[in-house]
1. May I ask you to verify whether residue 140 is in contact with a Gly (Cβ under 9 Å, 6 or more places away or on another chain) and either farther than 27 Å from residue 349 by Cβ or part of a loop (DSSP other than H, G, I, E, B) (or both)?
2. Exactly one condition in (1) open to solvent by less than 50 Å² (accessible area, probe 1.4 Å); (2) on the phi < 0 side of the Ramachandran plot; (3) in contact with a Lys or Arg (Cβ under 7 Å, 6 or more places away or on another chain); (4) not β-branched (Val, Ile, Thr) is false for residue 304; which is it?
3. Anything in the stretch 173-200 that is within 17 Å of residue 9 (Cβ to Cβ) and not charged (D, E, K, R)? List them, or say none.
4. Any residue in the stretch 146-163 that's on the phi > 0 side of the Ramachandran plot: show its pairings with residues that are crowded, with 24+ Cβ neighbours inside 10 Å and outside any loop (DSSP other than H, G, I, E, B) at Cβ separation under 6 Å, as long as the two are six or more apart or on different chains.
5. Residues of the stretch 164-186 being of a type outside the set (Ser, Thr, Tyr), in a helix (DSSP H, G or I) and either in contact (Cβ under 8 Å) with a residue 60 or more places away in the chain or open to solvent by less than 10 Å² (accessible area, probe 1.4 Å) (or both), which ones?
6. Is there a residue being buried (at least 17 other Cβ atoms within 10 Å of the Cβ), closer than 16 Å to residue 269 by Cβ and in contact with a Lys or Arg (Cβ under 6 Å, 6 or more places away or on another chain) anywhere in the stretch 293-300?
7. In the stretch 264-275, what residues are surrounded by fewer than 20 Cβ atoms within 10 Å (Cβ to Cβ) and not small (Gly, Ala, Ser)?
Amino acid sequence: MKYFDYAASCPLDQEAAEVYVKAASTYYGNSSSLHDVGDQANELLEYSRAQFARFFDVSKDGVFFTSGGSEGNFLAIQTLLTSKVKKGKHIITGMAEHSSVLNSMEKLRQAGWDITMLPFSPDGRIDVGGFRDAVREDTVLASIQHANPEIGTLQPIEEVGQICRENGILFHSDCVQSFGKVDLTTVAHSVDALTISSHKFYGPKGVGAVYLNPALRWDPYVPGTTHEGGFRPGTVNVPGIVAMSAAAEKAVIGLDVYSEHYRELRKEFLNSLDPIQEKCIIYEADLPSTIGIRVAGLEGQLIMNEANLRGFAISTGSACQVSMQTPSKTMVALGVEGKAAKEFTRITLGRETEGEDVRQLGDALVKIVRENL
């Protein structure tokens, strides 16, 4: 099976796996324990915290470890709401946000909050003018995803962050899809909180991180929480965090090399689709590893199933929604409606992907389209 669903999850990097086993078998103490074994684990934990602070160019006092992106998004949003700097119950977010953000917003709506959800412009981005127009006197929080996981566009986080600062609005960004693919230092300096998830950049599943501006005063979401400075309850997953740190360092160091690799593969793949080019809409992307395609008249689900039968693992969008067989959130945000919204297919590339792999996938998609249209 040829794998083309790296935006959903990556294989564990071998070096990160070795780090995990070493930490779990040698430095197995609880990092909160007040003995030497616990101190050793805590030293590893704090080393990893300093590593991520360096990746973001921020203070390590603002780095907190979580069980992944979904929990990180939820806790970041809830924690920011405890530290809001003005009165109000209005929040701005995007229509194409990850389900963990949208579900958090729905919970807040049920609790009496007013939520404004912004669509995409035709280029797949939040319109900065539209964001500014959505701001109200009672707007206290905004949450805008940095990288769209389905078409690979990057949102104007710096510009939105400036509007938020001008209006006393706290700003969170889900950076799960962008960390390890682009430099996040400018983003980290433009937001009050951001979220990442280990398994999106070849680290282990079940671990992630949140940066929360240490200048903010906030209350623990779960009263009485002591772990991670009160940010998250539960014994800290030191082996997972150390392995995530190793995977993150490899991703950051290899950023330019991997990006060029993806650009070359993307070009080769799109060239292989020339025979059916007139039937395809291929979305422009800031992340070359993410390729979003619509084939007029064919549901993405059919293309995905046919590709799977031929030995290729692709998807119809975010892994957190495809089981519901609902239209892609990105398509809806772009104003694509009805059957057309279900025509979407996503292909994502990884470090292991080779030129022959994308050529074979392209040939298979050409055959699938010709056989079904």
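The values are calculated or read from the model by the stated rules, or taken from the named source; none is laboratory data. Everything numeric in this text was worked out from a predicted model, so none of it was measured. All Cβ positions, glycine included, derive from the backbone under ideal geometry; neighbour counts span all protein chains shown. For the accessible areas, the whole protein counts, side chains as well, though only heavy atoms, and no ligand, DNA or RNA atoms are used. Shrake-Rupley method; radii C 1.70, N 1.55, O 1.52, S 1.80 Å.
1. Details: in contact with a Gly (Cβ under 9 Å, 6 or more places away or on another chain): yes; either farther than 27 Å from residue 349 by Cβ or part of a loop (DSSP other than H, G, I, E, B) (or both): yes.
In short, yes.
2. (3)
3. Quick first cut of the stretch 173-200, residues within 17 Å of residue 9 (Cβ to Cβ) only: 174-181, 195-200.
Within the stretch 173-200, 175, 176, 177, 178, 179, 180, 195, 196, 197, 198, 199 qualify.
4. Close Cβ pairs (under 6 Å, with a partner that is crowded, with 24+ Cβ neighbours inside 10 Å and outside any loop (DSSP other than H, G, I, E, B)) amount to 152/290.
5. Keep residues of the stretch 164-186 that are of a type outside the set (Ser, Thr, Tyr), which gives 164-172, 174-177, 179-184.
Those left that are additionally in a helix (DSSP H, G or I): 164-166.
164 - this is the single residue of the stretch 164-186 that is of a type outside the set (Ser, Thr, Tyr), in a helix (DSSP H, G or I) and either in contact (Cβ under 8 Å) with a residue 60 or more places away in the chain or open to solvent by less than 10 Å² (accessible area, probe 1.4 Å) (or both).
6. Of the residues in the stretch 293-300, the ones buried (at least 17 other Cβ atoms within 10 Å of the Cβ) are 293-295, 298-300.
Still in the running and closer than 16 Å to residue 269 by Cβ: 293-295.
When the remaining residues are screened for being in contact with a Lys or Arg (Cβ under 6 Å, 6 or more places away or on another chain), the result is 295.
Yes, the stretch 293-300 contains a residue that is buried (at least 17 other Cβ atoms within 10 Å of the Cβ), closer than 16 Å to residue 269 by Cβ and in contact with a Lys or Arg (Cβ under 6 Å, 6 or more places away or on another chain).
7. Restricting attention to the stretch 264-275, the residues satisfying the condition of being surrounded by fewer than 20 Cβ atoms within 10 Å (Cβ to Cβ) are 264, 267-268, 270-272, 274-275.
Selection gives 264, 267, 268, 270, 271, 274, 275.
Every residue, every condition in (1) hydrophobic (A, V, I, L, M, F, W, C); (2) touching a Leu at 6+ places or on another chain (Cβ under 8 Å); (3) open to solvent by less than 50 Å² (accessible area, probe 1.4 Å), yes or no:
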residue: 223; (1), (2), (3): no, no, no
residue: 231; (1), (2), (3): yes, yes, yes
residue: 236; (1), (2), (3): yes, yes, yes
residue: 252; (1), (2), (3): yes, no, no
residue: 255; (1), (2), (3): yes, no, yes
residue: 262; (1), (2), (3): no, yes, yes
residue: 277; (1), (2), (3): no, no, no
